[in-house]
Amino acid sequence: RFIDQRNGYLRRGEHWWRAAVLRSLYAETPGHRDAAVWMGEDGRWTGYVVYSTKRTGEFTSQFTVRDFVALDADAYRGLLTYILQHDLNSEMTWFAPVDDPLLSIVDDPARVKTHLWPGMMLRLVDVAKAIADRPCLVDRPGQKLVLEVADDAAPWNQGSWRLEAEGGRVEVT
């Protein structure tokens, strides 16, 4: 349900979960990852976090969040509380998308160091659909932007695209 509303995410089969997500297959020293699942009041899973811990000193450890998915605010808050109160979390690394709400939730966002680097790079084969399918956080109606796209490998995307945001969606022409 999480990836149905987002672009760029991959569907994962059971083998991928076991080999690459829950086990550190690609790490220099392969190891084990743990997972916590958040269950909503109706008994359905509404979020999960996959993480690993590594001791870095006598009283310190590195806590790495590999995957964090929350379908609602309750799951996000519950899982965030779980990882922030974890007894092996003295320093945390969290790989998250740029639109993750973490910085708007923590008490002191200045204490959070952020680094931006490109993740998986994909080519959009349908610019208008890709943009229109993304949620829009603009809350004022009538916000407009013209985007110029140049892509020799996908010439059908080239040109000027007008984006108009309203009601949480973007209309692309």
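The values are calculated or read from the model by the stated rules, or taken from the named source; none is laboratory data. Computed from a prediction, not measured in an experiment: that's the story for all the values here. Neighbour counts run over all protein chains shown; Cβ positions are idealised from the backbone, glycine included. For the accessible areas, the whole protein counts, side chains as well, though only heavy atoms, and no ligand, DNA or RNA atoms are used. Shrake-Rupley method; radii C 1.70, N 1.55, O 1.52, S 1.80 Å.
Please determine whether any residue of the stretch 100-108 is open to solvent by 70 Å² or more (accessible area, probe 1.4 Å), touching a residue at least 12 places away in the same chain (Cβ under 8 Å) and more than 18 Å from the chain's Cα centre (by Cα). No: zero hits.
Being out of contact with any strand residue (DSSP E or B) (no Cβ under 6 Å at 6 or more places or on another chain) and under 23 Å from LEU88 (Cβ atoms) is the filter; apply it to the stretch 57-78 and report the residue that is most open to solvent (accessible area, probe 1.4 Å). Among those residues, the one meeting the criterion is PHE59.
Could we say that LEU10 is open to solvent by 60 Å² or more (accessible area, probe 1.4 Å), under 30 Å from LYS129 (Cα atoms) and modelled with pLDDT under 85 here? So LEU10 fits the description; yes.
No other residue among GLN143, GLN158 is more than 24 Å from VAL50 (Cβ to Cβ), among the polar types (S, T, N, Q) and modelled with pLDDT under 80 apart from GLN143.
Residues being under 16 Å from the mean Cα position of the chain (by Cα), over 23 Å from ILE3 (Cβ atoms), not aromatic (Phe, Trp, Tyr) and not in a helix (DSSP H, G or I) are entirely absent from the stretch 148-166.
Out of the stretch 120-173, which residues are among the small types (Gly, Ala, Ser) and surrounded by 10 or more Cβ atoms within 10 Å (Cβ to Cβ)? Within the stretch 120-173, ALA128, ALA130, ALA132, ALA154, GLY159, ALA165, GLY167, GLY168 meet the criteria.
Only a single item in (1) closer than 22 Å to GLN62 by Cα; (2) part of a loop (DSSP other than H, G, I, E, B); (3) in contact with a helix residue (DSSP H, G or I) (Cβ under 8 Å, 6 or more places away or on another chain) is not met by ARG77, and it is number (2). Looking at the stretch 20-56, which of its residues are at pLDDT 85 or above, in a loop (DSSP other than H, G, I, E, B) and open to solvent by less than 70 Å² (accessible area, probe 1.4 Å)? Result: GLY40, GLY43. Within the stretch 65-99, the set of residues being out of contact with any Ser or Thr (no Cβ under 8 Å at 6 or more places or on another chain) and basic (Lys, Arg) comprises ARG77 only.
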